[in-house]
Amino acid sequence: MSYAMYFVSDKPDRMTRLHQLHKNDCSRLPSPEQLTCVGYYGSHNEAISNAKEIYANVEGCSYCLSHQVESVSRVKEI
Ligand SMILES: [Zn+2]
């Protein structure tokens with residue numbers, strides 16, 4: 001397991017209303033002024049649990065964190 005710096009978006013996703021957690025090298029990272037640094041962690045779950053101390057509703061980015069984060073309840077799409 002490699003360590004990485006994680007960031008959480010300050011703006012919730014328009015569809016899911018969740019704040020997305022990213023790794024620092026994600027190509028989908030929002031601009032720096034819309035990010036809060038979560039810290040340096042060795043696992044996605046550790047990072048997401050700490051991100052939830054910042055925002056209650058957090059999900060892992062589907063691009064950089066894929067399926068490795070715990071699933072969170074999703075808003076149903078109509
Ligand atoms: Zn990402």
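Odds and ends about this structure:
- Among beta bridges identified by DSSP and lying wholly in region 4-68, the antiparallel ones come to about 75 percent.
- Here the gap between Ser43 and Ser66, fully extended at 0.36 nm per residue and compared with their Cα-Cα distance, gives a gain of 7.0 nm.
- Compared with the direct C-alpha span, the chain from Ser27 to Asp10 gains 4.4 nm at full extension, assuming 0.36 nm per residue.
- Normalising the Debye intensity of region 4-68 to I(0), with uniform scatterers on Cα atoms only, and taking log10 at q = 0.12, 0.16, 0.27 Å⁻¹ returns -0.22, -0.41, -1.29.
- Karplus-derived HN-Hα couplings along region 58-65 (A = 6.51, B = -1.76, C = 1.60, θ = phi - 60°), whole Hz, x at Gly and Pro: 10, 10, x, 4, 6, 8, 9, 10
- Fully extended contour minus Cα-Cα distance, from Tyr3 to Lys52, at 0.36 nm per residue: 15.8 nm
Each reported figure results from applying straightforward, stated rules to the coordinates on display, with no laboratory input. Predicted, not measured: the structure shown is a model, and the values here were computed from it.
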